[in-house]
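Following: one structure in structure tokens, then a few remarks.
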Amino acid sequence: MSEPIVVSGPVREALAERRPVVALESTIFTHGLTRPRNVAVALAAEQQLRDAGAVPATVGVVDGVPTVGLSEEQIVTLGDAESEVVKVGIRDLPMAALKRTHGGTTVAATAFLAHHVGIGVFATGGLGGVHRGAATTFDESADIVALASIPILVVSAGVKSVLDVPATLERFETLGVVVAGYRTARFPGFYVRDSGCVVDDITSPEDAAALARARDALGLRSAVVVGNPVDASAQVDPELHDRVLVEAEREAAGSGLRGKSLTPFLLEHMHRATDGRTLETNIAAYQGNVALGAAIARALVS
Ligand code: PSU
Ligand code: MN
């Protein structure tokens, strides 16, 4: 039988030589960002990691095969409007294998695959979490359960602010997920710097690496979530943000959207309603997280 998970040569070598490796997800460019910007952002993130002395490991599903360390050609294929690409969470991996589909992996599926092959650090834009109204819909992202059970370190700009951030932080607390604010004691709010929620702060990539080491030394199996706020100059005006979000939610509710199409729908609505402002913020936040991810991966191997 062939390998269930393919790891690229460069990623395998880097891991064997204990060089810094940072995993990147693919849902962010298959379902989160608009084309053709998406592929440019994905490739730029990889280059940013190389320039910072880390090896990029973009994770995705190619013809049903979970792949850690997509080639440039594979990134282009997954990000291309012509190919049919599904959003792949953990539970979608077997179905994608059966149907041999291409897939963009979510935070949950990326964390699972990256940890499985021995990667300790992962950078993304915004995490999934508890949806607003989840008390009746039960809609909470599989990212939550993944972060509760996969010992990886994830750098994000917080939980996507279209979600119920306080409820998500409550779930993290319940499930034992380690949460830290990078140079802030306020958990970041993805499109905005401050979600209004309080967290413990850390001040350096070495602090983040030390948290992951302490977690491992204790044998804890949960993720370390490092919340890294987007630059002040790039955040969405909080008032605009809240106004547009009310509309986005109303439209989503009106269209009866459920399941995994809800998050992409909300993000897309926010992008359109702000004339692309949130798109720029999303990209800026992602770049900041990639930079911090590289620094943490370096600290982890030194
Ligand atoms: N961050 C972004 N854009 C995205 C996502 C994250 O900047 O599109 C994706 C992530 O892959 C995350 C997923 O895991 O949205 C959450 O989707 P859901 O709520 O259906 O679990
Ligand atoms: Mn959902």
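Legend: calculated FRET efficiency, V301 to E170, from the Cβ-Cβ distance at R0 = 22 Å, rounded to 0.05, equals 0.05.
Evaluate E = 1/(1 + (r/R0)^6) for R35 and R243, where r is the Cβ-Cβ distance and R0 equals 30 Å; express this FRET efficiency to the nearest 0.05. Computed FRET efficiency for R35 and R243: 0.65.
Close amide H partners of D194, meaning residues 5 or more places away or on another chain with modelled amide H under 5 Å apart, are G189. In loop segments of segment 184-277 as defined by DSSP, the trypsin sites (Lys or Arg not before Pro) with at most 11 further C-beta atoms inside 10 Å of their C-beta are R258. Restricting the GluC sites (Glu not before Pro) of segment 126-216 to loop positions (DSSP other than H, G, I, E, B) with no more than 10 neighbouring Cβ atoms within 10 Å leaves nothing. Tell me the mean residue ellipticity at 222 nm calculated for the chain from its helices only (DSSP H runs of n ≥ 4, each -39500 (n - 2.57), averaged over every residue, nearest 500). Mean residue ellipticity at 222 nm (helix-derived): -14000 deg cm²/dmol. By a 1.4 Å probe calculation restricted to protein chains, S195 has an accessible surface near 40 Å², given to the nearest 10.
A 1.4 Å probe run over segment 1-58, with the rest of the protein chains in place, finds 48 Å² accessible per residue. Ordering 229-241, 51-63 by mean Cβ neighbour count within 10 Å, with the highest value first, yields 51-63, 229-241. Excluding ligands, DNA and RNA, the accessible surface per residue across segment 254-302 is 40 Å² with a 1.4 Å probe. Considering only beta bridges that DSSP places wholly inside the chain, some 30 percent are antiparallel. Could you tell me whether segment 1-119 comes out rounded, prolate or oblate from its Cα gyration tensor? Rule is a ≥ b ≥ c as square roots of the eigenvalues, rounded for a/c under 1.5, then prolate if a/b exceeds b/c, otherwise oblate. Note, shape of segment 1-119 comes out oblate. Straight-line cross-link reach from K99 at under 22 Å between alpha-carbon atoms covers these lysines, not counting any fewer than eight positions away in the same chain: K87, K260. In segment 34-127, which trypsin sites (Lys or Arg not before Pro) fall in coil by DSSP and have 12 or fewer other Cβ atoms within 10 Å? Filter output for segment 34-127: R100. With contacts taken as Cα pairs under 8 Å and at least 6 residues apart, segment 1-119 reaches a relative contact order of 33 percent.
Per the Kirkwood definition applied to all pairs of different Cα atoms, how many angstroms is the hydrodynamic radius of the chain?
With all distinct Cα pairs of the chain included, I get 18.9 Å.
Summary value for the chain: 19 percent relative contact order, contacts being C-alpha pairs under 8 angstrom separated by 6+ residues. On segment 1-119, 55 percent of the accessible area sits on carbon and sulfur atoms, based on a 1.4 Å probe. The heavy atoms of S2 offer some 90 square angstrom of accessible surface to a 1.4 angstrom probe. Within segment 125-302, what whole-number % of the accessible surface is contributed by carbon and sulfur, with the 1.4 Å probe and all protein chains included in the calculation? With neighbouring chains kept in place, the figure for segment 125-302 is 52 percent. What segment 68-148 shows is 43 Å² of accessible area per residue, with the surface traced by a 1.4 Å probe over protein heavy atoms.
The values are calculated or read from the model by the stated rules, or taken from the named source; none is laboratory data. Bear in mind that the values here come from a model prediction, so they are computed numbers and not experimental data. Neighbour counts run over all protein chains shown; Cβ positions are idealised from the backbone, glycine included. Ligands, DNA and RNA are excluded from the accessible area calculation, which covers all protein heavy atoms including side chains. Shrake-Rupley method; radii C 1.70, N 1.55, O 1.52, S 1.80 Å.
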